[in-house]
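These notes concern the structure reproduced below.
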Amino acid sequence: MFFAKIPRPIRQNAITEGDLECILTRNCEGTEQLRIEIKSNFDQSMLWQNRGGNFLKERETFGSRLGFILVSAGCAVGLGNVWKFPYMTGKYGGAAFILIYLVFLVLLGLPILVSEFAVGRSSRLSTARAFHKLEPEGANFHKYSYMGMIGNYMLMMFYTMVAGWMMYYCYVMATGKLSGASSDEVSGFFSNLMTSTGTMTGWMIAAVLLAFGVCSLGLKNGIERITKVMMICLFALIVVLAVHSVTLDGAMEGVKFYLVPNLDNIREAGLGNVIFGALSQAFFTLSIGIGAMEIFGSYMGKECTLAGESVNILILDTFVALMAGLIIIPACFAFGVEPGAGPGLVFITLPNVFNQMAGGRLWGALFFLFMSFAALSTVIAVFENILSFAMDLWGWKRNKAVVFNIVLIIILSMPAILGFGPWSGIQILGEGTNIMDLEDFIISNNILPLGSVVFVIFCASKNGWGWDNFIKEANTGSGLKFPKFIRNYMLWVIPAVVAVIYLKGYYDMFQPKGMNYLVPWMIIGVAMLVLVGWISFGHSKKK
């Protein structure tokens, strides 16, 4: 290591020779490269100039390839890996479903993920400004930036609350508050939590402060360093929990149900439903469409190709989902409990299982510690994206953006909490729904799929960034190359498939509620697709 010599600064806050260091690194193929970086203790937020209203900053970068992979995987790994994937796998035919899922993960999820990373790495900006920089004059893609920003905030409006639930249950299991409780008492405990506004608010605030505290330390010293530790602990916990689960008496019946191909289950569910279930799960598992991955692309180096790095993230995300099933399904079979899905599985079914298990207090605490890590890794990743909006748009320092967003996120998270209590009468999506369901519907059923369409069309269309620019960026570096011949597949097939998933999601949600719900909501869904078409293919006279 040595300090670079640069000329004397000509303006305030310019970099001096003491602010730079040269680091010897190795790329994916082991070739040594010399990289000059700004030292971690230098205030990079001061490196901006105002040129015509655009703030240009020196972009932070990850300190290591492993850091990028684990932080991105932490964003992808979410609660759906635990409370949805195992149940779907068992219900839809075990290993046969997994095989179909993996095929769709590569065909659908991988191109969209590479698209997000490419936009981020080329622009060195968040979703708030990336399209503005890369799109040609007169294109409308920059208008999606508002939807992307709304999507990140919308996701955190309820995800912070759920992260608080996980932390609270980790505390509850560790302190033995549910030890020896009956099934009715376990169910009642969760019901009481849902109506306890104070408890939910307190743990939501704890999750917000913890995650923003990590982000306040910066990319390398905070997000990368702490998330790496968190994800390594998560992988260790999930392996330990899975090994314990499959060694329980009677657990092998659960393993067979989970992993052995079952054609009877496929016939019972219907092959079409199995294929569509695998397709939908492959699409939603990666948190793609709101720029949550794009921001980490903006922090990447150029040493490795984007397809290779994306495959690594897909592998880790799938590993967590599969191992979560090996924790849940065999344990439920061992104690004669019907495995389900959703919050009921995590907060009612599994605590009942742990209560019947030798050392259940310890295993329950470890499980909810794993769940807390899974939730917080996503919260930290999305918070970094949210902070980057203020830093990219207005040139704010990181700490100023942190303080502002702590207050804003806490306020925005309150409706979801109040929706289980004083505001439970607000049921916009129909009887039995709440505000959290509405927020989840807006982000999961709308912004995520529509945003994914925008990203792939932006990369493949001449009206957007353009295929040649995308391929050049995606294949820069060593490693797996993204195929050059699939432009039409990305431009037409992927958007068409996503549109089908999108409209079927609307139909499945509102058809059981009757035509009075189905017709107006389907009209809204079609209108949103038209809006995305205008963003993707329309032109504005003045940008």
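With respect to the conditions (1) within 23 Å of the chain's Cα centre (by Cα); (2) among the hydrophobic types (A, V, I, L, M, F, W, C); (3) under 26 Å from Val106 (Cβ atoms); (4) part of a helix (DSSP H, G or I), Ile471 falls short on a single one, namely (1).
Within the set of pairs 6+ apart or on separate chains, which have a first residue in the range 300-324 that is closer than 28 Å to Asn469 by Cα, a second that is surrounded by 19 or more Cβ atoms within 10 Å (Cβ to Cβ) and basic (Lys, Arg), and C-beta atoms under 8 Å apart? Here the result reads Met300/Arg121; Lys302/Arg121; Leu306/Arg121, each pair linking the range 300-324 to a residue that is surrounded by 19 or more Cβ atoms within 10 Å (Cβ to Cβ) and basic (Lys, Arg). On inspection, Ile410 does not qualify as within 30 Å of Leu491 (Cβ to Cβ), aliphatic (A, V, I, L, M) and surrounded by fewer than 20 Cβ atoms within 10 Å (Cβ to Cβ). Residue selection: Tyr159 fails the criterion of being free of Cβ contacts under 8 Å to residues at least 24 places away in the same chain and within 22 Å of Ile348 (Cα to Cα).
Residues that are among the acidic types (Asp, Glu) and surrounded by 20 or more Cβ atoms within 10 Å (Cβ to Cβ) are absent from the range 255-272 altogether. Among the residues making up the range 507-534, those that are among the aliphatic types (A, V, I, L, M) and touching a Leu at 6+ places or on another chain (Cβ under 9 Å) are Met509, Met522, Val526, Met528, Leu529, Leu531, Val532.
Taking (1) surrounded by fewer than 18 Cβ atoms within 10 Å (Cβ to Cβ); (2) under 25 Å from Gly120 (Cβ atoms) in turn, Leu491 satisfies each apart from (1). Could you tell me whether Ile428 is out of contact with any Leu (no Cβ under 6 Å at 6 or more places or on another chain) and of a type in the set (Val, Ile, Thr)? Considered against the rule, which asks whether it is out of contact with any Leu (no Cβ under 6 Å at 6 or more places or on another chain) and of a type in the set (Val, Ile, Thr), Ile428 comes out as no. Do any residues in the range 491-502 that are small (Gly, Ala, Ser) have Cβ atoms under 9 Å from those of residues that are assigned to a helix (DSSP H, G or I), where the two are at least six apart or on different chains, and which pairs are they? Correct list of pairs: Ala499/Pro449; Ala499/Val453; Ala499/Leu529; Ala499/Val532.
Looking only at the range 503-520, decide whether some residue is modelled with pLDDT of 90 or more, among the aliphatic types (A, V, I, L, M), touching a Lys or Arg at 6+ places or on another chain (Cβ under 7 Å) and within 18 Å of Val456 (Cβ to Cβ). The answer is no, given that none of the residues of the range 503-520 is modelled with pLDDT of 90 or more, among the aliphatic types (A, V, I, L, M), touching a Lys or Arg at 6+ places or on another chain (Cβ under 7 Å) and within 18 Å of Val456 (Cβ to Cβ). Going by what's in this entry, would Leu237 be described as among the aliphatic types (A, V, I, L, M) and either under 29 Å from Thr61 (Cβ atoms) or surrounded by 21 or more Cβ atoms within 10 Å (Cβ to Cβ) (or both)? Taking the combined requirement at face value, the residue does not satisfy it. Identification of helices (runs of 4 or more DSSP H) wholly contained in the range 144-226 with 3 or more residues that are touching a Ser or Thr at 6+ places or on another chain (Cβ under 7 Å) yields 144-174, 197-216. Inspection of the range 340-358 identifies no residue that is in contact with an Asp or Glu (Cβ under 8 Å, 6 or more places away or on another chain), surrounded by 24 or more Cβ atoms within 10 Å (Cβ to Cβ) and not hydroxyl-bearing (Ser, Thr, Tyr). Summed over the range 424-439, residues that are assigned to a helix (DSSP H, G or I) and either closer than 17 Å to Leu108 by Cα or in contact with a helix residue (DSSP H, G or I) (Cβ under 8 Å, 6 or more places away or on another chain) (or both) total 3. Number of residues in the range 75-104 that are hydrophobic (A, V, I, L, M, F, W, C), over 27 Å from Met161 (Cβ atoms) and buried (at least 24 other Cβ atoms within 10 Å of the Cβ): the value is 1.
Per-residue answers, yes or no, for (1) in a loop (DSSP other than H, G, I, E, B); (2) in contact with a helix residue (DSSP H, G or I) (Cβ under 6 Å, 6 or more places away or on another chain); (3) more than 23 Å from Gly109 (Cα to Cα); (4) not small (Gly, Ala, Ser):
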| residue | (1), (2), (3), (4) |
| --- | --- |
| Trp492 | no, no, no, yes |
| Gly505 | no, yes, no, no |
| Leu518 | no, yes, yes, yes |
| Gly525 | no, yes, no, no |
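Annotation note: of Leu306, Leu279, the sole residue that is surrounded by 17 or more Cβ atoms within 10 Å (Cβ to Cβ), at pLDDT 95 or above and farther than 30 Å from Leu362 by Cα is Leu306. For first residues located in the range 392-418 and on the phi < 0 side of the Ramachandran plot and at pLDDT below 95, partners that are crowded, with 21+ Cβ neighbours inside 10 Å and among the small types (Gly, Ala, Ser) and lie 6+ apart or on another chain with Cβ distances below 8 Å form the pairs Asp392/Ser126; Asp392/Ala128; Leu393/Ala128.
Residue count for the range 197-233 satisfying the condition of being closer than 29 Å to Val353 by Cα, in contact with a Gly (Cβ under 8 Å, 6 or more places away or on another chain) and either touching a residue at least 60 places away in the same chain (Cβ under 8 Å) or buried (at least 18 other Cβ atoms within 10 Å of the Cβ) (or both): 7. Selection of the range 440-465 for residues being touching a residue at least 12 places away in the same chain (Cβ under 8 Å) and not in a helix (DSSP H, G or I) yields Ser461, Asn463, Gly464, Trp465.
The values are calculated or read from the model by the stated rules, or taken from the named source; none is laboratory data. Computed from a prediction, not measured in an experiment: that's the story for all the values here. Here the Cβ is made from the backbone with ideal geometry for all residues, glycine too, and neighbour counts use every protein chain on show.
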